[in-house]
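Reviewing the structure listed below.
The values are calculated or read from the model by the stated rules, or taken from the named source; none is laboratory data. Just so it is clear, the structure is predicted and the values come from calculations on it, not from any experiment. Cβ sites come from the backbone with ideal geometry, for glycine too, and all protein chains shown count toward neighbours. Heavy atoms of the whole protein, side chains included, go into the accessibility calculation; ligands, DNA and RNA do not. Shrake-Rupley method; radii C 1.70, N 1.55, O 1.52, S 1.80 Å.
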Amino acid sequence: MRKRYFLALLSLLLTLSTVPFARLQAQSTTTLTLAVSEFMKDLFTPELIGQFESAHPGVTVQVVSASQPYAPAANGIENYLDSVEKYVSAGDVVYISGDYISPAATRAGYFLDLTPLVSADKTLNADDFYASIVSAFNWDHQTWGLPIAASAFVLSYDPAAFDKAGLTYPDAKWTVDDLENAVRKLAQKDANGKVTIPGIAVSDGAELRALLSALAGTMLYDDNSVPDSPQFAKPGVEKAVDTWAKLKSEGLVGGTPNEAPLSVAPIFTLNFPGTKAKHIGALLPGGTAGLDVEGFAVSAGTPYPELAYALVSFLTTRYELGARFAGAPARKSLSNTSNAPEGGNVIRINGSPEVTALTNDALLKGFSLTGTRYADYLVLAAQKVQSGNLVGHAALQLLENQAVKDQQAAIARKGKKPIVLATPVPVVVQAGKATLNFGLNLNIRPVPNQDLWDKLAQEFAVSDPQIGKVNLAIQNGSVADESSTQDCFYLPFNGVPSAKLSSLLNLDPLIASDTTFDKNDVVGNLWSQLQRDGKTWALPIIIQPSLLKYNADLLSKAGIKPPTKGWTIDAFVDALKILKPMSSGAPFINISPGGTYLLMLMAAYGGIPLDYRTDPPTSNLTDPDTVQAIRQVLDLAKAGYLKYSALGSVGGVFMFGAIPDAPITSAELNGFKIPAQEAYKTTLYPTGSKYNAISYSVGTAYISATSQYPDACYRWISLIARHPELFSAMPARRSLINDTTIAAAQGAEMTAAYNAIDTLLKDPNTLSFPLLFDGGRSQIGFLIQHWIYEAFDAYVLDGKDLEIALKDAQTYIQGFTDCMATIPAYDPSDAQAAQQYLKAGLECVVKVDPRLKSFAGGIK
């Protein structure tokens with residue numbers, strides 16, 4: 001039935017109506033609003049929007065951010081519909097994906113049916129779209145959106161683990177029984193029968209919905225009726241739900257792909273080399289794949305349906321939208337990276353031939369939202385069975401009844417309340433005052449405390465003698481991007497080491513005339529990090545350190561003294577040993593990306609596997625003290641005191657699943673905050689007798705060398721530096737840390753932690769390790785990390801001899817650094833030279849380690 005529906009859709013597109021698609025004549029005052037998620041806004045550059053506006057004289061496109069709808073619908077239909085109504089009120093055209101749109105949303109009347117406009121569009125080439133993707137937003141014999149890209153979810157497996165378990169590899173013939181058998185045989189248990197390594201890992205969300213749909217092997221609705229009728233109580237569906245619930249209840253399912261030999265994961269993750277046998281990809285059971293499709297739709301409230309559709313159609317042709325990092329473009333013509341425009345903000349990792357072939361197979365055989373609608377109800381059904389409240393058949397019948405009622409509730413909303421598009425309130429700039437363009441780059445979207453930013457900007461504009469408006473451009477940019485488009489800007493890292501200095505304004509004259517600023521007030525040794533050539537190029541705003549969170553209640557029950565003044569490494573390990581019998585898993589779980597936490601613990605033990613006091617960082621993996629420190633930390637992982645996941649995949653660190661509820665976890669103080677839990681307190685990483693360790697990045701503000709308002713920029717960035725409530729991080733000035741009002745707001749615990757960090761930063765025995773995404777550190781350090789982490793994995797996960805593994809890593813690193821010494825030094829002032837440096841570096845990678853050829857060849 002699904003294939004027949006896809007063919008019918010293609011037939012509709014191929015036999016386009018002969019009704020002429022008239023050239024759209026726009027009035028000079030027409031403004032179209034394009035609503036997207038905050039994290040996407042920077043993709044819609046003035047150049048991209050300008051091309052559409054040039055083709056439609058008199059039309060202005062305004063890009064706004066909008067909060068994504070509450071999803072999925074199965075978790076509460078009224079909340080979901082309310083959030084969709086709010087979302088489609090934000091713009092004439094809205095970004096959509098599988099979590100943003102559903103049959104309930106369209107039946108409530110929130111989206112415009114595009115079928116007549118598609119039929120009349122003679123420029124739309126249906127053959128250019130992948131059939132499985134173009135049908136994603138089609139149901140009830142109507143078209144609700146056009147796609148731009150799709151991410152495929154497939155099986156990812158370790159063939160060595162399958163061989164060891166005597167299992168045949170996954171293929172298109174796999175059934176529910178085959179999956180269950182593999183999961184049981186792949187899982188590892190300790191002597192007490194407790195699962196130590198799950199057989200499969202699947203995160204809740206699109207991955208689980210795709211797997212359950214594949215295991216069910218049938219549609220969850222009756223497509224013969226319009227609107228369709230949900231139908232869950234089928235034998236195949238029941239078996240899929242029962243089997244999955246049983247595997248979950250027995251602890252055989254994990255949430256992080258790299259912790260299990262089998263997982264459901266985005267296909268692009270297969271491009272990264274592993275430490276053991278490289279993971280192989282295969283289609284889901286039944287020979288299919290899950291497709292999470294992105295696209296654009298038109299709000300039912302738009303007064304300009306033809307123009308809005310024209311914008312949607314235009315956006316589907318843009319390479320920078322369709323051929324982004326994690327997705328395959330919906331249009332075949334955008335699949336070739338040679339079609340990429342010059343410049344732009346496009347990052348692609350080209351896959352190996354095997355991954356490319358699997359991607360093509362997934363696009364041909366995959367199913368998207370239109371074929372898996374109502375799969376969110378299957379997830380709830382499995383949860384009810386897992387909890388023991390209901391058996392599969394009863395749970396499915398209950399959820400089917402709920403789905404029917406939810407659709408009825410959606411239909412009942414249609415026409416009850418018109419969709420009224422929100423009109424952004426213009427800010428009136430006072431006569432004689434200017435507009436200051438400020439680039440705000442943060443690691444989290446939507447922006448925390450957006451209301452505080454807007455309020456501060458308005459207050460500044462009212463009081464400043466020169467500026468009447470601060471235009472906050474929220475985006476993800478580099479020093480080069482921001483300095484060429486903004487008067488001043490903020491970055492969540494230190495961009496000075498890699499910046500082209502001619503693009504920035506030297507801040508020393510402005511600082512010298514500022515009687516309120518004392519550079520000795522800056523914490524630790526940060527000030528020197530913001531200087532090059534004896535000049536200051538950035539103002540420090542915040543520090544974003546790595547910390548530890550511990551459950552104070554559990555520590556109290558275990559009789560462990562709380563680390564109010566920090567842990568020594570010995571006291572930390574003693575706490576882990578006491579907590580382990582009381583914990584369901586490892587007592588310490590790292591939730592920060594990368595393996596920096598291991599390097600910090602090794603430093604506390606007196607070893608420095610990677611010394612970042614030099615650039616590039618220096619490794620000495622044969623030094624006895626370092627080897628001993630490495631062994632001590634990794635033995636904690638082998639004994640189950642630290643939860644260890646494979647690290648040796650270049651660039652392959654992705655966070656999946658929920659934040660663990662462990663006695664001790666890592667935490668990044670950068671906006672990605674652990675959910676509020678009163679029992680959890682904050683402390684620093686343990687200290688050692690020889691070295692201390694800290695990992696952090698510095699939030700910094702800059703002024704463009706070409707800004708017409710440098711004095712106003714300095715007044716503005718000085719103002720935000722005095723408002724740490726704008727950030728979920730540590731102020732960069734001691735006076736702010738200990739300010740009475742600020743200290744009261746952040747609490748005694750955090751104030752003490754901030755002062756302790758200041759002390760550590762001033763200590764010459766403190767070693768600093770970069771955060772994974774710190775943009776200002778070594779250009780090649782992450783490659784050196786790969787070989788070290790590969791050695792760690794070999795010892796912990798494969799049982800290899802540690803000293804031999806470290807010697808192998810040292811050989812790779814020495815060969816790489818020797819090769820790098822023969823090429824011209826990295827020059828951030830010359831973009832072409834910097835690109836040549838990266839190219840030469842990747843050639844050195846392949847020269848010393850041919851295993852990384854596919855990785856090096858895939859970076860563009």
Qualifying aspartates and glutamates (Cα of each under 20 Å from Cα of K807; at least 8 residues distant if same chain): D611, D623, D625, D635, E790, D793, D798, D818, D849
Residues of type lysines that K455 reaches as a straight line, Cα spacing below 17 Å, ignoring anything fewer than 8 places off in the same chain: K469
For the stretch 515-586: Kirkwood Rh in Å [reciprocal of mean 1/r, alpha carbons]: 16.0 Å
Whether the stretch 80-211 is rounded, prolate or oblate, judged on the alpha carbon gyration tensor where a/c under 1.5 counts as rounded: prolate
Fraction in percent of alpha-carbon pairs per bin - 10 Å, the stretch 665-766: 12, 38, 32, 14, 4, 0
Column: log10 I(q)/I(0), Debye, Cα scatterers of the stretch 695-746, q = 0.12 Å⁻¹: -0.34
Per residue convex hull volume, Cα atoms of the stretch 415-559, in Å³: 240 Å³
In the stretch 549-650, lysine pairs closer than 24 Å at Cα, eight or more apart or cross-chain: 20
Relative packing of 110-117, 639-646, which averages over residues the other C-beta atoms within 10 Å, highest first: 110-117, 639-646
Cβ-Cβ FRET estimate between T196 and A431, R0 fixed at 56 Å, reported to 0.05: 0.20
Binned Cα-Cα distances of the stretch 124-193, short to long, each 10 Å bin given as a whole percent: 14, 30, 18, 21, 13, 3, 0
Cα-Cα separations in the stretch 536-645 greater than 24 Å, expressed as whole percent: 34 percent
Interchain or long-range residues, amide H under 5 Å from V63's placed H: L34
Subset of K164/K800; K234/K414; K185/K278 violating a 23 Å alpha-carbon distance limit: K234/K414
Cβ crowding within 10 Å averaged over residues, with 447-459, 520-532, 90-102, 789-801 ranked highest first: 90-102, 789-801, 520-532, 447-459
Accessible area of the chain divided out per residue, in Å², using a probe of 1.4 angstrom: 42 Å²
FRET efficiency, R184 to N224 (Cβ-Cβ, R0 56 Å, nearest 0.05): 0.90
Computed label-point distance, nm, for sites K173 and K561 using a 7 Å Cα→Cβ extension: 6.5 nm
In order through the stretch 723-730: 3J(HN,Hα) via Karplus (6.51 cos²θ - 1.76 cosθ + 1.60), integer Hz, x for Gly, Pro: 10, x, 5, 6, 10, 8, 7, 8
Highest to lowest packing among 723-734, 617-628, scored as the average C-beta count within 10 Å: 723-734, 617-628
Inter-label distance for E306 and V64, nm, one decimal - labels placed 7 Å from Cα along Cα-to-Cβ: 2.5 nm
Separation of the D661 and A745 label points, Cα + 7 Å toward Cβ, nm: 3.2 nm
Mean separation of Cα contacts under 8 Å (6+ apart) over length of the chain, as relative contact order %: 14 percent
A571/A473 FRET efficiency (R0 51 Å; Cβ-Cβ; nearest 0.05): 0.60
Kirkwood-based Rg to Rh ratio, the chain, C-alpha trace: 0.96
Backbone HN-Hα couplings from phi across the stretch 176-185 [Karplus 6.51/-1.76/1.60, Hz, Gly and Pro as x]: 4, 5, 5, 5, 4, 4, 5, 4, 5, 6
Calculated log₁₀ intensity ratio I(q)/I(0) where the Debye formula runs over C-alpha points of the stretch 376-482, q = 0.12, 0.16, 0.17, 0.21 Å⁻¹: -0.72, -0.84, -0.88, -1.09
Residues with amide H under 5 Å from that of L442, placed H, sequence gap 5 or more: Q475
For the stretch 677-720, radius of gyration divided by Kirkwood radius, i.e. Rg to Rh on alpha-carbons: 1.30
Computed lengthening from E843 to D128, 0.36 nm per intervening residue step minus Cα-Cα distance: 253.8 nm
Under-5 Å amide H pairs with L642, H placed in peptide plane, nonlocal only: A637
